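This report refers to the structure that appears directly beneath it.
The values are calculated or read from the model by the stated rules, or taken from the named source; none is laboratory data. Nothing here was measured: the structure is a model prediction, and the numbers come from that model. Here the Cβ is made from the backbone with ideal geometry for all residues, glycine too, and neighbour counts use every protein chain on show.
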Amino acid sequence: MSNNEPNLDQQIKLHELHKRDPERAHDQHEGFLAAANRAMEASAQIALRTGVIINGGAAVALLYNDTVKAIPGFQRKWQLLPFFI
């Protein structure tokens with residue numbers, strides 16, 4: 001046996017280190033997937049909230065417009081949104 005070749009104990013340690021490489025890679029991949037899922041959920045929540053706010057604002061505008069038109073003799077002195085009249 002030459003001095004350049006590792007002895008049996010070193011070979012076993014080296015094998016154990018290399019054997020755990022796929023496990024570490026798998027754990028890192030699971031961590032990445034978990035972080036990606038959290039980011040996706042957060043962006044989906046923001047999109048849903050935005051949609052609810054926009055729809056709520058449109059409903060309020062339509063109800064306000066219909067209510068104002070239903071009041072007899074009501075005259076506006078100024079207009080905010082001319083297309084609702």
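Numbers at a glance
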quantity: Members of region 3-19 that are of a type in the set (D, E, K, R) and loosely packed, with under 10 Cβ neighbours inside 10 Å; calculated: Glu5, Asp9, Glu16, Lys19
quantity: Flag for Ala47 being at negative phi, hydrophobic (A, V, I, L, M, F, W, C) and modelled with pLDDT of 90 or more; calculated: yes
quantity: Ala36 surrounded by 10 or more Cβ atoms within 10 Å (Cβ to Cβ), small (Gly, Ala, Ser) and modelled with pLDDT under 90; calculated: no
